[in-house]
Every structure is written in C-alpha cells, then in structure tokens.
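Have a look at the structure below, then the notes.
The values are calculated or read from the model by the stated rules, or taken from the named source; none is laboratory data. The shown structure was predicted, so the numbers you read here are calculated from the model rather than taken from an experiment. Virtual Cβ from ideal backbone geometry, glycine too; neighbours counted across all protein chains shown.
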C-alpha cells in the first residue's frame, strides 16, 4: 500500500489529465518524469506479457499499473475490457482507474481489474510495460558483478505469493522458467545487433541443481557462452493460471580474462607448447587454476591440471604429427574484489601443418638408387597427319559415285559427259543443192502412191 500511495502522489504531482510536451525518448522519460521515476524505483518489476497489444489479467490481482509509450503527438490509448466495454481517458474515473495522459505515454493504474483478456488500441511502442503490483511475484537472485564470457554460476528464482512460495504441486504440468538475455543494441558494445539469446530453461522437477520438485523454487546453471557486450536479463514463467515476466537492469559481460597461446614445435621430436595468459586486470593472477583435456589428431586424449600458483602456466603437448588439436579448458579463479568464479572457455582448435624435411644426401641412399640414370633418348616427332589429302580423296570418291548414279538413272552414255564436243555432220550433206532436195521430194511422192496402190480394196459394193 505504501508503494501505491507513493504512486498516487506522483501522479498528482505530475498533473493528472494534463498532456506535457515531452521531447525525450521513452527511455529518457522514465528517468525524467515524476510518475515514471517512482515506477522505476519500485523494488520488483514484475510484468505481464504484452503481445500484439493484448494482455491477460489473472484472477486475484489487486492492482496493476500500465505504461503505454506511444508516438509523439498521437492520441491516448483506448482500453478494451474483457466484457467488450471501452475505457477512454475521460471515462477512467467511472471504471475505478487513475489515468495520466502525457504527450508520449499513458500511465494507467487499475484497482481490482476485471480478470480476463484485455486489449490496448493506439500507436503503442515496444517499450510499453504492464507492471503487476500484486502478491503473486517472481523473484530472481541478483546476477554477479563483473560477468565474463564463459562464466558459469548457479541462479535461483522463486514464485512468491506474498511472503510464501507458491505451492505448485497442484499443477499437472511441470513449470518451466526461461532465462533470456536481450541485447541493448548499443553500437559501442560487441553484441550490437545480436537480438535475443536463450540462455537456459529451469524446470521445477527436482533434477540437476533443483533441490525439490514442484516447490515453486527454480534453481539452475547459467553458462554465459553467447558473447560479450551489454545485455538485459529477462525471466519468463508461464503457468496454467497466470504468467509472469521479470526484467533486471542491463549487465555488462566482459570478454574471457584468459587467452590460450599455442606454439608449434619446430622439430618432429619436440613437443608443442600451450600457454595460458591472463588478459584482464580484474582477475587475481595468483588464484588461477586450469583443468581440461587435449584431443590429439590420432584420437588420443590428454587430461591435465595446472594447480600450482608458483609454476608457469605452460603445458607441454605431445607432438602427434599434423592435424587438429582440440583443447577444452575450465578456469577457476578469483576476482580482485574477492568473488570466486568458474569459466568454461569455448573449445579451441589448433591446426598443425605437415613440416617440410630436408632430403637425405646422395651417399646415404641405397646402392640400387645410386646407379646413374640412363639418358633419355628423344623420339623424333611424328609428321603431321595429311588431313587435306584425306578430305580431297573423299570428295573425289563422292563425285565419281554421284556421276555413275546419274548415268545409270538417265540411260545416257559416257559421251554425254563430253558436253564441249559438237555432233559432226558430213560435208556432202551440207553441199547438197536445193534442186536435188526437190527431186528427192518428188521421187518420194510416187513411191508413196505406189505403196498405196498395193493396198487391196476389200470393201463391198453398195448394191
């Protein structure tokens, strides 16, 4: 109730019903506006998921606070209750609501809200929040300070109903808590544009780190293997009756404080050198312990541990020839502030190339290889194949064959091919006078008549 009184006072101070001309972004308004500053200082930031401007309020919620960020100059949102009725800014008091309408956001507080699905209509931005001020809360341990890539630690979350842990034994389904890390998209960080990373899922099943099944306490292992940068931790828990989300302040995940350096041997009989070097001043160098395994190219494995702080952190790796050497390392150490940590470094792969060797001297070769090599007799180059003659011969054969076929089909003789010769006419025939030709013609006529007389007339008379 004290938090609600502070919230109501902040709303009054900020001027209920007066739209302020804010020019800052929603993230900056959370820190500049009086009402939102009170919300930002609340010890628990439990949320209800907001999907497509829809959210569900479970039964038993005494009070919720809605923070809807919208575009500059747009109208305030409209709430649609589960029964279908609509609530506007000017009708909020009739529905037991307090509504603060600013230029870029709506801050709404609802007492004893109607359970069921709600909807918000307007130009709502993704930064909007639905904060639940009720007895059912999700509590998560604070993350360690100075997080590093590869760090592994245990984390515990509790689903609380007031001061008591929620009894989850009545649920048929085993509850699952999802652990997400969301990139802040800071251009100065290494995780710019990385989006969302699913880190772990805790099940209240009494296995692994979880002590007891279905007791409302989730305990699991977090392994930060997704990269350095600035991240926002988010925890999502869904049950058959209600769902909760908890978002913690952004954290910085620094690169791994240890670097592996692999030095390849220069001789086949010499081992390789693997050294472990600290690259962060936040780590106590004298507290570092290393344990891991080396996998050789031939399949054999070497388990090692470097636990003496006085000794140099160098490991001799047997030279197994060319190939890939895989190294898995776990680091145990202490930060400068005294915090203990455990790192599981990403698997390192070192490629060893085949080394070049000097050829043995000629005197060391076997006698059969020391015999002089007989000279190579050069064979004369073969003459080029006469392709032109072959093509000409084929064309001649085709021409003769076509000519023979033409003579057979037309019935002509070979003399028909001699087209350049003319037919010879006797000279006497050329000199024959025209009179002789006429006499010949007249003498030919009686002959024809004589031949006609020789034909018998066999026709019968008319009588």
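Residues of the range 86-123 that are part of a strand (DSSP E or B), in contact (Cβ under 8 Å) with a residue 40 or more places away in the chain and under 16 Å from residue 57 (Cα atoms): 108, 109, 110, 111, 116, 117, 118, 119, 120. Criterion first (in contact with a strand residue (DSSP E or B) (Cβ under 9 Å, 6 or more places away or on another chain), surrounded by fewer than 16 Cβ atoms within 10 Å (Cβ to Cβ) and not assigned by TED's automatic domain parsing to the domain that holds residue 244) does residue 121 satisfy it? Against the criterion (in contact with a strand residue (DSSP E or B) (Cβ under 9 Å, 6 or more places away or on another chain), surrounded by fewer than 16 Cβ atoms within 10 Å (Cβ to Cβ) and not assigned by TED's automatic domain parsing to the domain that holds residue 244), residue 121 qualifies.
Would it be correct to say that residue 66 is buried (at least 20 other Cβ atoms within 10 Å of the Cβ), out of contact with any helix residue (DSSP H, G or I) (no Cβ under 8 Å at 6 or more places or on another chain), assigned to a strand (DSSP E or B) and modelled with pLDDT of 85 or more?
Numbers: buried (at least 20 other Cβ atoms within 10 Å of the Cβ): yes; out of contact with any helix residue (DSSP H, G or I) (no Cβ under 8 Å at 6 or more places or on another chain): yes; assigned to a strand (DSSP E or B): yes; modelled with pLDDT of 85 or more: no.
Taking the combined requirement at face value, the residue does not satisfy it.
Between 174, 222, the distinction of being part of a strand (DSSP E or B) and either out of contact with any helix residue (DSSP H, G or I) (no Cβ under 7 Å at 6 or more places or on another chain) or modelled with pLDDT of 90 or more (or both) belongs to 222 only. Looking across the range 289-318 at every residue that is assigned to a loop (DSSP other than H, G, I, E, B) and surrounded by 16 or more Cβ atoms within 10 Å (Cβ to Cβ), the one that is modelled with the lowest pLDDT is identified as 313.
The lone criterion from (1) part of a loop (DSSP other than H, G, I, E, B); (2) closer than 30 Å to residue 159 by Cα; (3) in contact (Cβ under 8 Å) with a residue 24 or more places away in the chain left unmet by residue 234 is number (1).
Please determine whether any residue of the range 260-278 is more than 32 Å from the chain's Cα centre (by Cα) and outside the structural domain of residue 306 (by TED's automatic domain parsing). Looking for residues that are more than 32 Å from the chain's Cα centre (by Cα) and outside the structural domain of residue 306 (by TED's automatic domain parsing), one finds none in the range 260-278, hence no. If you check residue 215 against the conditions, is it touching a strand residue (DSSP E or B) at 6+ places or on another chain (Cβ under 6 Å), part of a loop (DSSP other than H, G, I, E, B) and either in the same structural domain as residue 50 (by TED's automatic domain parsing) or over 29 Å from residue 307 (Cα atoms) (or both)? Here the answer is no, as residue 215 does not meet what is asked.
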